[in-house]
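Everything below concerns the one structure shown next.
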Amino acid sequence: MNDSLMEVFKVEATELLSELESALLELETASGDKAVIGRVFRCLHTIKGSGAMVGCNEISAFAHELENMFELVRQGTIPVCKMLTDLTLSSVDLIHTMLDDPDSQTAQKQVKEIISALGRLGSLIESREHSVRTEAVFETQSPETDWAKEVTNVSALVDNSGKLATFRIFFCPNSDIFNRGMNPVPLLNELRQLGECEVLACVDALPDLYELNPEECHTYWSVILTTTASIDSIRDVFIFVEDDCVLKIDVIGEHSSAGDLPSKKLGEILVEEGEVTREQLAEVLGKQKRIGEMLVEEGLVSPSKVQAALMEQQHLKELREKHGDRSAASVRVPAAKLDSLVDLVGELVTVRAGLNQLAFSKKIPELRSLAEHVDRLTAELRDNTMSLRMLPIGVTFSKFNRLIRDLSTDLGKEVILTTEGAEVELDKTVIERLHDPLVHMIRNSIDHGIETPEARIASGKSRQGALHLSAEHSGAHVLITIADDGAGLDKDAIRARAIEKGLMSQNSEQSEKEIFSLIFAPGFSTAQKVTSVSGRGVGMDVVKRSIDSLGGSIEISSEEGSGTTITLKLPLTLAIIDGLLVKIGDAHYVLPLSFVEECIELTGGDAGKAHGRKLVFLRKSIVPYIRLRDRFSISGEAPTAEQVVIVETVDGKIGFVVDKVIGQHQTVIKNLGKIYRNVTGISGATILGDGTIALIVDVPKIVKSSVLEEISQAV
């Protein structure tokens, strides 16, 4: 087996399994949705075909068995039930295992068990004809459905799967079709579900009002359909009225993509339909009028026929514009190559800084002009490269549907997930490291936040709990919110537990926000009993450390009886940031520009006005400050006039006192070595243009540690 082909198959199969899982969860709330059933079927069909092509015969055979079941669902022979969904979701997990370990004996055993369960499910459904037949979808099925025959027909039914084709459909029901209890509208709606569809009602045969019989049908329809369905599938739509209508289905063309759709003129379409001959068309064209108008004036075609042809022309045009370049719209690139590109761009940014420094020190106009040009190109290259690493947060949000479904079932609760802002993009590294903290918070919200259906009804709530995930941009950050409408946090219980564990004194006064933040302490929990899912607060210290490692912050708000909201504030990227370069003694530091509000001067007179306290007057307000010289134990005398960088954090405004503010600096973040990894207040380093190193200040951690020091001193 070709290893490169196998790797490609694994990537594609993982994406297909994710789509399959999403479709299955959607199918639980829309069991009769043929479009969703089609998505499930196509995923299984593609996995089966691709698996066989690369030699994964076990996966291919397993997918084939599942495909058989969903072909019966697609035909309406069996319904979508919870047992079928459960078995298929288990199969998704099992195929993941088989991709990672093709020789797993346990997986092979589980495959046989699921296939056996699928067979029993089919037999169970067949044995319950008396109940199943009451559903309308089964009213037309033969009671003696031959399972083997259905399986044999699967390949014939999906031969056209994935191949795009455009059909011209003429549907003219008999005038007495209404008297036979038939309604043409549902048939047309069923066609719309097969793909891109345009329907035109033609009323040429409609009699005058005085002659009109409302019990007769005088309308016929012209339909243009672009679909992956076969012509037999289209005919099946009309299977119950085929003896009571004139039906004509023509293939306009088959295409590997919508970009191959033909561009046809109106006259060509009418000639193909046999409405006019080429000679008649040529004769009319010679009169130099609009083709449709001329043909109508000549009495060769009806206005409805011209309108139908125009509709087909417009339909094909819109499809070409919508899908024309889709086949070349994206290229799959290994993540390692993308990371390497980002690293190289980072090095280029560092070299650019050195070139700028050299150009301005030498004062050579030509060199300075060249440096400015390189500066612009590098900035554009940086922005484009960073955008390649950006992924929509919806990729992560969609993964939680399965988690919530399984956890709700295990805990006997009913939870509905809603999402907002799925299109908001984050660096892929941030998204990958964000997954586990979100899983933990969602599990805790469902286990200890949202009540049981009985408890919710007793408290006047709906039996179904709500969990809402949202994302939105906030400057250079993204805010991610996890909100539930459960019982909320018990502030008194948290306070009592914190006093018991020695995290606060009996007499200390703390705000609600400070009390809620105590749940991030290691091992903190107010749960009365231990469950298979951690209580709210248990392990939240791990969540806090994970968010801190991303350079983010976390905030909790809660109202007892109404629910809890957790808000995460995360940087857009972890690779390159805009920073403010400052100097203290001989050392350089970088403050992330996303925190910086403004810079002011601090003189000896200002210190005198504050009576020795670390406060600076900012217009009509007072802002506390931290001396970074003292914080980082930098020796030497401070200058007479120092600079204060005012930053904004979740704890409010605070100033950082430095010797000198140099200016804005595009910062390539380098990780610190193991020795310095746990140094408080430093999140990384960067290389300046002259080759020296500048440390990146972790603004939130310095502010937080200073606040905690003040609290401990007060206590």
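For Thr14, the stated conditions hold: it is surrounded by fewer than 18 Cβ atoms within 10 Å (Cβ to Cβ), within 23 Å of Gly394 (Cα to Cα) and modelled with pLDDT of 85 or more. Within region 29-42, does at least one residue satisfy the condition of being at pLDDT 80 or above, closer than 25 Å to Lys109 by Cα and not hydrophobic (A, V, I, L, M, F, W, C)? Within region 29-42, none of the residues are at pLDDT 80 or above, closer than 25 Å to Lys109 by Cα and not hydrophobic (A, V, I, L, M, F, W, C). The set of residues in region 556-573 that are in contact with a Leu (Cβ under 8 Å, 6 or more places away or on another chain) and assigned to a strand (DSSP E or B) comprises Ile556, Ser558, Thr564, Thr567, Leu568, Lys569, Leu570, Pro571. On inspection, Ala466 does not qualify as at pLDDT 85 or above, surrounded by fewer than 18 Cβ atoms within 10 Å (Cβ to Cβ) and over 34 Å from the mean Cα position of the chain (by Cα).
Reported count of residues in region 623-634, each being buried (at least 20 other Cβ atoms within 10 Å of the Cβ) and not in a strand (DSSP E or B), is 1. In the set Arg443, Arg497, only one residue is at pLDDT 85 or above and part of a helix (DSSP H, G or I); that residue is Arg443.
When Val623, Val679 are screened for being touching a strand residue (DSSP E or B) at 6+ places or on another chain (Cβ under 8 Å) and not assigned by TED's automatic domain parsing to the domain that holds Val345, only Val623 passes.
The values are calculated or read from the model by the stated rules, or taken from the named source; none is laboratory data. Computed from a prediction, not measured in an experiment: that's the story for all the values here. Ideal geometry is used to build each Cβ from the backbone, glycine not excepted, and the neighbour counts take in all protein chains shown.
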